[in-house]
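The values are calculated or read from the model by the stated rules, or taken from the named source; none is laboratory data. These numbers come from a predicted model, not from an experiment. In this analysis, Cβ positions are derived from the backbone assuming ideal geometry, glycine residues included, and neighbour counts consider all displayed protein chains.
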Amino acid sequence: MDFLRSLNLRQRFIGLVVTFCLVIFVVGGIGLYGMGVSHDGLRELYAQMNASGTPPAAAKERYDQIQSEYTRVRNIEIAGLAAAVGVIALFAVLLLRGIMRAVDSVRATLAGMAEGDMTARVVYRGGELKRLIESLNQTTDKLQKVLIEVSGASTHLAAAAEELSAVTVEADGNVKKLQLETDQVATAMNEMST
């Protein structure tokens, strides 16, 4: 199992295809052998039946031998195909399990991020999907840095807004004081001119 885990998805898929082709080749070879045996046996039986003096019992015996050989080869073919289907199914299950493990890991990390956990990262050891997951983790790192910068900037902005508010209140007070002094100067000038 450790050997299969060390392979990336492309290697696993190629292994699956090669295994399938080899099994088809072997089973096909057995089938061709069986057909050749049956064909040769039937040709021999036909020759025996046409030859003079061959008892029908001997022809029947040879026919039974050919039928037995055909049945044996057919059973080997069926067993080979069943084994091939089993091996291919095993590879497919292992391949799908690896993919689903990666997808579940990504889903769990994204769910954590959706809930506000920006420290969540996907952990996966694998081939093809590992590159995708590394890209997702790099994007998450950058997003986390941007959010930290935005948070810092909003803190500075809040402090600056508070300072601006204080300056505005002070300026408003100065304007009122200046207006009061201007009114007093105008009143004094009015009194002096009268």
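This table checks each residue for (1) in contact with a helix residue (DSSP H, G or I) (Cβ under 8 Å, 6 or more places away or on another chain); (2) of a type in the set (D, E, K, R).
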residue	(1), (2)
MET113	yes, no
ALA120	yes, no
GLY152	no, no
GLU163	no, yes
VAL167	no, no
GLY173	no, no
GLN179	no, no
remark   = Counting only residues that are under 11 Å from the mean Cα position of the chain (by Cα) and within 11 Å of TYR124 (Cβ to Cβ), segment 91-112 contains a total of 8
ask   = If you check SER135, SER105, which single one turns out to be surrounded by 11 or more Cβ atoms within 10 Å (Cβ to Cβ), part of a helix (DSSP H, G or I) and at pLDDT 80 or above?
value = SER105
Residues of segment 109-132 that turn out to be part of a helix (DSSP H, G or I) and surrounded by 12 or more Cβ atoms within 10 Å (Cβ to Cβ), as a count = 8
query = Which members of segment 113-127 meet the condition of being more than 19 Å from the chain's Cα centre (by Cα) and of a type in the set (Lys, Arg)?
reply = none
message = Looking at segment 73-93, I want the residues that are of a type outside the set (Val, Ile, Thr) and have a partner that is at pLDDT below 80 with Cβ atoms under 6 Å, at least 6 apart or on another chain. Which pairs are those?
response = GLU77/VAL27; GLU77/ILE30; GLU77/GLY31; GLY80/VAL27; LEU81/VAL27; ALA84/VAL23; PHE91/LEU16
